[in-house]
Amino acid sequence: MSADLDMMTAAELRSRLAAKELSPVELTKRALAKAEASQATLNAFFFLMPDEAIAAAKAAEAAIVRGEPLGLLHGLPFSAKDLMAVAGQRYASGSRTMANNIALADAPAVERAKAAGAILIGKTTTSEFGCKPVGDSPLTGVTCHPWNLSKTPGGSSAGAAASVAAGITPFALGTDGGGSVRIPCCFTGLAGIKAHFGRVPVWPTSATPTLAHVGPVARNIADAALLLTAIGGYDPRDPSSISAAMPDVVGACDAGVANLRIAFSPTLGYARPDPDVEAITVEAARTFEDLGCEVELVEKVFDKDPADLWTAEFYAGVGTRLRPFVETQRDLLDPACRSARRGLVSGDADVLR
């Protein structure tokens, strides 16, 4: 198979799989081999699941041969971040304190991606409990940027972004509470979606239930929309999940943006962006004008930096979840997670009551 296959879109791969021009088994073996070969340098995976993946790929191939109706993601390899449960597999959340924890059931997004025909090849790395926006944890070590191994791919969905950007799988499942899909996608030139709260159900319950989202990491927005379509929708295990029908996000990718109104604020009223970053962002806003949008400059959105509000929510949740580890296994934690103690001693945990 051509090296171009590694960077082919999910939509094109699925079309070729359905036409029997590609084999799900060979595509999955290729993804597993590329993942294994890059572990020593990229370190995108917590662990791989070759036996399970090949078995699922063989079943997907048999369905194609029999001419059965194919799922939305049929035969496409994907990965799941280690903040998500995969039945019968380690569910450590990037922490040595949970290194031997085994999930009893799939998270809804994992379950739905599989049901749509996707092939899970393994779980990707995350900073411990998703506490940092970079790609390292005491459990899995450092995950590197595929374009420059001396750089971080961002986090906390570090392995998800690194693996997709490296051409291992066409897309991956990540999580986002404060940028954990969006940051690594920006760092690696990928497309990620943090959908409306509750659009994709989150279960088991996150340590930060008021902030937690599950979202796609992909090479373009159409592929991200494809994965989002498969994983979105109501699930009774998540009381915050939305019961309304999933909108046509795939069709929206081709709908055009002419006559849309876009609010644009370089500073949100408080920030001091890097001049180079601001120049790039302003240029992007002008591109939307060229596409027919009305872009309105909004100088002031917030009176002050709202970071304290997010920090209180985040550390209250993480501090409460990590209480037993902070109190009994503190030396095993990442220093960034040891600071979650602030959520236990500062009174922030009162927000959860």
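Things to note:
- Given (1) farther than 22 Å from Arg112 by Cα; (2) in contact with a His (Cβ under 7 Å, 6 or more places away or on another chain); (3) among the small types (Gly, Ala, Ser), number of the condition Ser38 does not satisfy: (2)
- Residues that are modelled with pLDDT of 95 or more, more than 12 Å from Ser38 (Cβ to Cβ) and among the small types (Gly, Ala, Ser), drawn from the stretch 150-178: Ser150, Gly154, Gly155, Ser156, Ser157, Ala158, Ala160, Ala161, Ala172, Gly174
- Out of Asp305, Asp254, sole residue that is among the charged types (D, E, K, R), closer than 26 Å to Glu128 by Cβ and either touching a Gly at 6+ places or on another chain (Cβ under 7 Å) or surrounded by fewer than 14 Cβ atoms within 10 Å (Cβ to Cβ) (or both): Asp305
- Selection from the stretch 274-318 of residues that are part of a loop (DSSP other than H, G, I, E, B) and of a type in the set (Asp, Glu): Asp274, Glu299, Asp303, Asp305
- Restricting attention to the stretch 87-102, the residues being touching a strand residue (DSSP E or B) at 6+ places or on another chain (Cβ under 8 Å), surrounded by fewer than 24 Cβ atoms within 10 Å (Cβ to Cβ) and touching a residue at least 24 places away in the same chain (Cβ under 8 Å) number 3.
- Residue count for the stretch 41-60, restricted to those that are crowded, with 21+ Cβ neighbours inside 10 Å and out of contact with any strand residue (DSSP E or B) (no Cβ under 8 Å at 6 or more places or on another chain): 1
- Out of Ala255, Ala271, one residue alone is part of a loop (DSSP other than H, G, I, E, B) and within 23 Å of Gly215 (Cα to Cα). It is Ala255.
- Here is the figure for the stretch 7-40: residues that are among the basic types (Lys, Arg), surrounded by fewer than 22 Cβ atoms within 10 Å (Cβ to Cβ) and part of a helix (DSSP H, G or I) total 4.
- Among (1) under 18 Å from the mean Cα position of the chain (by Cα); (2) at negative phi - the single one Ala99 does not satisfy: (1)
The values are calculated or read from the model by the stated rules, or taken from the named source; none is laboratory data. Computed from a predicted structure; not experimentally measured. Backbone-built Cβ (ideal geometry, glycine too); neighbour counts: all protein chains shown.
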